[in-house]
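The values are calculated or read from the model by the stated rules, or taken from the named source; none is laboratory data. Note that this is a predicted model, so its numbers are computed, not measured. Cβ atoms come from the backbone with ideal geometry, glycine included; neighbour counts cover every protein chain shown.
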Amino acid sequence: MKKEIIPSLLLTIVCILFFSGVYPVIIWAIAQAGPNKGEGITIKDSKGKYYYENIGQKFTDDKYFWSRPSAVNYNAAGSGGSNKGPDNPDYLAQVQAAIDTFMKHNPDINKADIPSDMVTASGSGLDPHISVQGAEVQIARIAKVRGLDKNKVDALVKAHIEGPMYGMGPSRINVLKLNIDLDNLK
């Protein structure tokens, strides 16, 4: 028995020291090499308010480009998806409600033209990006509500297209940056 307890206790002590001391220091050191020293990248709007650029924000006013839906209500304290499968009746009802709301506020588009990212949450619930198509289907609504020329809003959308991350995946648009520049548009 002594033969098993002593190695178990030693392993426990080593793991406690490593995972509560050494590992956090390593992660902290890696974060110091990143942008803004691991504190997150902030941007400021025209009113002087700061936002985290890499965390999704809730936009539901018709004068703004809408973000993806969020399963965690954009609460960065705990990210996560809904964990409901694609054939779950509650999930399907949520998606249908999102489609109905989107159609109500964007009556000029066809249901088939709504990109999936505009009616489904991301895995983290905090995705700050939408697809280029997700922004394009909202241009008519925003131009009408703000009294702007559609071409001007379209040019703003095109100026905010970010290429695929690490060369993989689709192009995307950071909704927060786009909406801040939309507010600054004359």
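Right, Tyr166: among the aromatic types (Phe, Trp, Tyr), more than 17 Å from Trp66 (Cα to Cα) and exposed (fewer than 12 other Cβ atoms within 10 Å of the Cβ) or not? Against the criterion (among the aromatic types (Phe, Trp, Tyr), more than 17 Å from Trp66 (Cα to Cα) and exposed (fewer than 12 other Cβ atoms within 10 Å of the Cβ)), Tyr166 qualifies. If I ask for residues that are surrounded by 14 or more Cβ atoms within 10 Å (Cβ to Cβ) and either touching a Cys at 6+ places or on another chain (Cβ under 9 Å) or over 13 Å from Pro128 (Cα atoms) (or both), which ones from region 44-57 would you list? Matches in region 44-57: Asp45 only.
Is it the case that some residue within region 80-95 is aliphatic (A, V, I, L, M) and closer than 20 Å to Gln138 by Cα? Yes, that holds for at least one residue. Going through (1) closer than 14 Å to Lys63 by Cα; (2) under 20 Å from the mean Cα position of the chain (by Cα); (3) of a type outside the set (A, V, I, L, M) one by one, Ser171 falls short only on (1). Among residues that are assigned by TED's automatic domain parsing to the domain that holds His160, over 15 Å from Gly134 (Cα atoms), surrounded by 14 or more Cβ atoms within 10 Å (Cβ to Cβ) and touching a residue at least 40 places away in the same chain (Cβ under 8 Å), Ser67 is not included. The numbered conditions (1) under 25 Å from Leu156 (Cβ atoms); (2) surrounded by 14 or more Cβ atoms within 10 Å (Cβ to Cβ); (3) free of Cβ contacts under 8 Å to residues at least 12 places away in the same chain are all true for Tyr91 except (1). A single member of Asp127, Asp117 is within 13 Å of the chain's Cα centre (by Cα) and either among the polar types (S, T, N, Q) or assigned to a loop (DSSP other than H, G, I, E, B) (or both), and it is Asp127. Please work out if Ala77 is in a loop (DSSP other than H, G, I, E, B), among the hydrophobic types (A, V, I, L, M, F, W, C) and either farther than 27 Å from Asp154 by Cβ or touching a residue at least 60 places away in the same chain (Cβ under 8 Å) (or both). For Ala77, the condition - in a loop (DSSP other than H, G, I, E, B), among the hydrophobic types (A, V, I, L, M, F, W, C) and either farther than 27 Å from Asp154 by Cβ or touching a residue at least 60 places away in the same chain (Cβ under 8 Å) (or both) - is met. Pull up region 40-60, narrow it to residues that are within 18 Å of the chain's Cα centre (by Cα) and basic (Lys, Arg), then point me to the one that is nearest to Val145 (Cα to Cα). In this case the residue turns out to be Lys58. None of Lys84, Lys63, Lys37 is in contact with a helix residue (DSSP H, G or I) (Cβ under 7 Å, 6 or more places away or on another chain), more than 30 Å from Lys150 (Cα to Cα) and not in a helix (DSSP H, G or I) except Lys84.
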